Amino acid sequence: MASFLEMFPGLPAPSLTVHSDSFDLQFSFLPSDVLFPSVARVARAFGTEPHLRQMSDGHWHFTARGCWQGLDVTVFASVSLATDEDRVGGAVA
């Protein structure tokens with residue numbers, strides 16, 4: 001995973017969840033002008049476009065999926081975890 005992340009100098013530190021055949025990168029609690037471009041930057045490396053997806057719990061994720069060294073990779077940012085003050089209205093401490 002470290003060598004994957006090293007491909008993106010300056011990328012904010014994501015939360016990482018590792019599975020036996022895949023891993024997930026989540027960006028959260030950042031301003032949207034950092035959060036969403038981070039997802040898009042990784043998506044471009046996969047040769048795909050990120051998209052907005054509604055999850056089963058009603059929340060929205062900006063997400064992209066790809067493959068790296070035989071592992072499935074999902075990168076996402078929850079729209080509700082962006083820290084824009086005018087959007088979250090102080091809900092994020």
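The values are calculated or read from the model by the stated rules, or taken from the named source; none is laboratory data. Everything quoted here is computed from the prediction, not taken from an experiment. Cβ: placed from backbone, ideal geometry, glycine included. Neighbour counts: every protein chain shown.
So which of THR48, THR63 ends up being in contact (Cβ under 8 Å) with a residue 12 or more places away in the chain, touching a His at 6+ places or on another chain (Cβ under 7 Å) and of a type outside the set (Gly, Ala, Ser)? On inspection, the qualifying residue turns out to be THR63.
Only helices (runs of 4 or more DSSP H) whose full extent lies in the chain are considered here, and the ones with at least 3 residues that are surrounded by 15 or more Cβ atoms within 10 Å (Cβ to Cβ) and at pLDDT 90 or above are 32-46. Please work out if VAL42 is of a type in the set (A, V, I, L, M) and closer than 9 Å to VAL75 by Cβ. Yes.
The number of residues in the stretch 16-52 being within 15 Å of SER80 (Cβ to Cβ) and out of contact with any Phe, Trp or Tyr (no Cβ under 7 Å at 6 or more places or on another chain) comes to 6.
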